[in-house]
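Worksheet: the structure to be examined is printed underneath.
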Amino acid sequence: MPPLESTYFNGASHFQIGRQIIYSIAGNQYQILNVGEDLIRRLNPILDASHTRNRKKSPPDSECFPGTREAVILEITTWADAPDSSCSWDGETSTYSDDSMDSTCSFWTCGEEIASDDPSPSRTPHIYWLHGFAGCGKSAVSLEVAKIYAGSRRVLGSYFFLRGAGDRASMNRFAATLASQLVVALPATAPFIEAAVRSQPGLLTGDTPLTTQLECLVYDPFLAVMEGDLLKDALAKGPFLIVIDGLDECEDESGVEDFIDQMLELFEKHPTIPLRVFIASRVEQHIRVRLEVDGVRIGNLNSHWPAKDIEKFLQESFRAVAKRDRVIQAYVQAHGDWPTAQGMLMLVEHVKESFVLASTMFKFITQPAAQGDYSTPMGRLPLALQINGLDTLYVQTLTRSQNLPHFCSIISTIALLAEPLPIVGIAELLAIETFEVVRVLLNLQGIIHVPGTDEGGNVTLFQNFYNAEIRLTQSGPKQSVFSSKHFPSSEWTFSTYVVNPSILVA
């Protein structure tokens with residue numbers, strides 16, 4: 001049933017009387033009674049998938065430390081704010097008929113080409129794909145981008161995929177979740193989404209294809225309201241933005257492919273639509289082959305050497321903890337700055353490009369002493385740099401995944417292989433699913449290098465973890481997370497190959 005049409009208050013738009021909201025769309029006035037709240041309940045979005053979620057309960061819990069990642073964020077905001085060099089607002093609207101929509105709607109049109117030294121100015125790509133290896137800070141950048149544009153009310157929606165987190169790891173409720181955020185960001189879309197849900201109940205039950213869900217719940221409603229004041233606002237403030245993080249974390253690869261293909265078709269069909277999509281992910285093959293095309297701007301987070309940012313993070317973090325730690329304060333008063341310039345340099349070089357490792361190191365050094373542990377932060381710093389024997393840093397990090405299936409098999413295989421393997425190679429060797437290897441490794445990014453793709457690049461160990469792991473095994477079950485009681489007999493026999501581990505890759 002379409003929204004009720006009203007002839008009251010001709011010429012007025014976007015105002016509220018009590019709990020009644022009037023929208024003027026394409027010359028018609030619609031009266032909606034609490035449709036926003038009721039519609040959002042019907043859409044049943046995933047509440048912990050957006051950038052506003054409680055990250056302590058719904059990972060990833062990562063954000064950019066103030067003053068860091070400025071170069072890459074500047075690149076992204078420059079793209080997001082750039083006007084289309086071949087279009088300008090001519091003060092009028094034109095109507096067009098789109099077979100995919102139920103009605104004719106107003107939309108913006110290109111005016112005269114803006115003067116330029118380039119005889120054929122190019123459009124700003126609608127899509128920005130930021131890729132990088134696991135642990136390099138993609139989710140933190142995604143969060144920062146979403147927060148920046150949420151402040152100017154330009155974020156239409158955000159979605160942070162997470163492998164192994166139920167519907168957050170699939171496309172099942174992706175469209176409905178974005179639609180619920182679209183209703184809040186642009187309430188004028190509510191009657192169009194409501195009409196689509198009423199006419200096609202299968203949109204919310206998974207009985208229609210993903211492409212139909214996105215078309216009816218997100219793209220068509222947005223196109224329908226892009227006229228008049230809303231369009232002028234978009235042109236004045238800049239295009240609207242959708243932020244999608246961890247696309248590689250979606251376990252529905254065919255759904256990801258359909259999403260990307262449809263999005264590219266949308267922007268090809270509507271080249272002047274005031275909408276940009278930011279995507280962050282690892283370089284998975286099914287994503288790369290579709291996004292390495294014209295019309296997509298590509299950013300490599302690995303190319304932004306983060307040493308200075310990591311140094312700033314560590315300096316500010318140590319400075320902050322010193323303000324509330326009387327032991328550190330007393331030490332500084334007696335001995336001068338801590339960490340020393342040399343100590344800080346060694347720490348930055350030790351963690352190299354990994355923000356995850358830097359954060360893990362900092363927590364290990366500054367963590368409150370456990371009962372019976374009388375070490376101080378000053379004493380734990382050199383221990384962290386040595387990484388010898390049963391180093392607490394490794395054990396603490398490893399215990400994050402030790403209860404996951406196949407943990408011991410995966411870690412012992414990585415440590416004992418003569419030559420490193422990619423993720424799929426480890427999975428094939430152990431006869432398990434690739435995602436099971438990824439799930440274990442993603443929790444260990446501080447001590448294991450996880451490549452950007454499952455097929456390419458090898459899983460390698462940071463620092464001298466190999467020797468540390470072997471010592472852990474040899475030290476006995478009471479001191480090691482790698483004790484024999486944790487290993488099936490077939491995996492425990494891997495220790496016999498330490499002398500001649502090449503047999504594992506024969």
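The table below lists the values:
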{"quantity": "ALA341 open to solvent by 80 Å² or more (accessible area, probe 1.4 Å) and small (Gly, Ala, Ser)", "calculated": "yes"}
{"quantity": "Residue list for region 275-292, filter: closer than 25 Å to HIS51 by Cβ, in contact with an Asp or Glu (Cβ under 7 Å, 6 or more places away or on another chain) and either of a type in the set (Val, Ile, Thr) or surrounded by fewer than 22 Cβ atoms within 10 Å (Cβ to Cβ) (or both)", "calculated": "GLU284, HIS286, ILE287, ARG290"}
{"quantity": "Test result for ILE426, under 13 Å from VAL459 (Cβ atoms), modelled with pLDDT of 85 or more, in contact with a Pro (Cβ under 8 Å, 6 or more places away or on another chain) and buried (at least 20 other Cβ atoms within 10 Å of the Cβ)", "calculated": "no"}
{"quantity": "Candidate set: region 429-440, residues that are within 27 Å of the chain's Cα centre (by Cα) and open to solvent by less than 60 Å² (accessible area, probe 1.4 Å); chosen: the one modelled with the highest pLDDT", "calculated": "ILE432"}
{"quantity": "Of the criteria (1) open to solvent by less than 60 Å² (accessible area, probe 1.4 Å); (2) modelled with pLDDT under 90; (3) not basic (Lys, Arg), which one ILE328 fails", "calculated": "(2)"}
{"quantity": "Exclusive hit being surrounded by fewer than 17 Cβ atoms within 10 Å (Cβ to Cβ) and free of Cβ contacts under 8 Å to residues at least 60 places away in the same chain, set VAL348, VAL321", "calculated": "VAL321"}
{"quantity": "Pairs, first closer than 15 Å to ASP81 by Cβ and modelled with pLDDT under 90 in region 236-249, second of a type in the set (Gly, Ala, Ser) and part of a strand (DSSP E or B), C-beta under 7 Å, six or more apart", "calculated": "none"}
{"quantity": "Qualifying residue in region 208-227 (condition: in contact with a strand residue (DSSP E or B) (Cβ under 8 Å, 6 or more places away or on another chain), open to solvent by 10 Å² or more (accessible area, probe 1.4 Å), closer than 29 Å to ASP61 by Cα and not in a helix (DSSP H, G or I))", "calculated": "no"}
{"quantity": "Out of GLN181, GLN200, sole residue that is among the polar types (S, T, N, Q) and in contact with a Pro (Cβ under 9 Å, 6 or more places away or on another chain)", "calculated": "GLN181"}
{"quantity": "Inter-residue pairs, beta-carbon under 7 Å, first within 12 Å of CYS408 (Cα to Cα) and among the hydrophobic types (A, V, I, L, M, F, W, C) and in region 433-444, second outside any helix (DSSP H, G or I) and open to solvent by 40 Å² or more (accessible area, probe 1.4 Å), 6+ apart", "calculated": "VAL440/LEU404; VAL440/HIS406"}
{"quantity": "Any hit, region 263-274, residues being out of contact with any Asp or Glu (no Cβ under 8 Å at 6 or more places or on another chain), hydrophobic (A, V, I, L, M, F, W, C), buried (at least 22 other Cβ atoms within 10 Å of the Cβ) and under 23 Å from VAL450 (Cβ atoms)", "calculated": "no"}
{"quantity": "Helices (runs of 4 or more DSSP H) (entirely within region 301-372) containing at least 2 residues that are within 28 Å of the chain's Cα centre (by Cα)", "calculated": "307-322, 341-351, 355-366"}
{"quantity": "Residue that is modelled with the lowest pLDDT, among those in region 401-420 that are in contact with a helix residue (DSSP H, G or I) (Cβ under 7 Å, 6 or more places away or on another chain) and outside any helix (DSSP H, G or I)", "calculated": "SER401"}
{"quantity": "Filter result for THR104 (modelled with pLDDT under 50, surrounded by fewer than 20 Cβ atoms within 10 Å (Cβ to Cβ), polar (S, T, N, Q) and out of contact with any helix residue (DSSP H, G or I) (no Cβ under 8 Å at 6 or more places or on another chain))", "calculated": "yes"}
{"quantity": "Residue match in region 302-317 (condition: touching a Leu at 6+ places or on another chain (Cβ under 8 Å), in contact (Cβ under 8 Å) with a residue 12 or more places away in the chain, more than 23 Å from SER359 (Cβ to Cβ) and not small (Gly, Ala, Ser))", "calculated": "no"}
{"quantity": "Filter result (of a type in the set (Lys, Arg) and part of a helix (DSSP H, G or I)) within region 160-176", "calculated": "ARG168"}
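Listed here are the residues, each with its yes/no results for (1) within 18 Å of ILE260 (Cβ to Cβ); (2) open to solvent by less than 40 Å² (accessible area, probe 1.4 Å); (3) in contact (Cβ under 8 Å) with a residue 60 or more places away in the chain; (4) not in a helix (DSSP H, G or I).
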position: PRO125; (1), (2), (3), (4): yes, yes, yes, yes
position: LEU130; (1), (2), (3), (4): yes, yes, yes, yes
position: ALA146; (1), (2), (3), (4): no, yes, yes, no
position: SER158; (1), (2), (3), (4): yes, yes, yes, yes
position: LEU178; (1), (2), (3), (4): yes, yes, yes, no
position: ALA195; (1), (2), (3), (4): no, yes, yes, no
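The values are calculated or read from the model by the stated rules, or taken from the named source; none is laboratory data. Just so it is clear, the model here is predicted, and its values are computed rather than measured. Every residue, glycine among them, receives a Cβ derived from its backbone with ideal geometry; neighbour counts consider all protein chains shown. The area values use the complete protein model at the heavy-atom level, side chains included, leaving out ligands, DNA and RNA. Shrake-Rupley method; radii C 1.70, N 1.55, O 1.52, S 1.80 Å.
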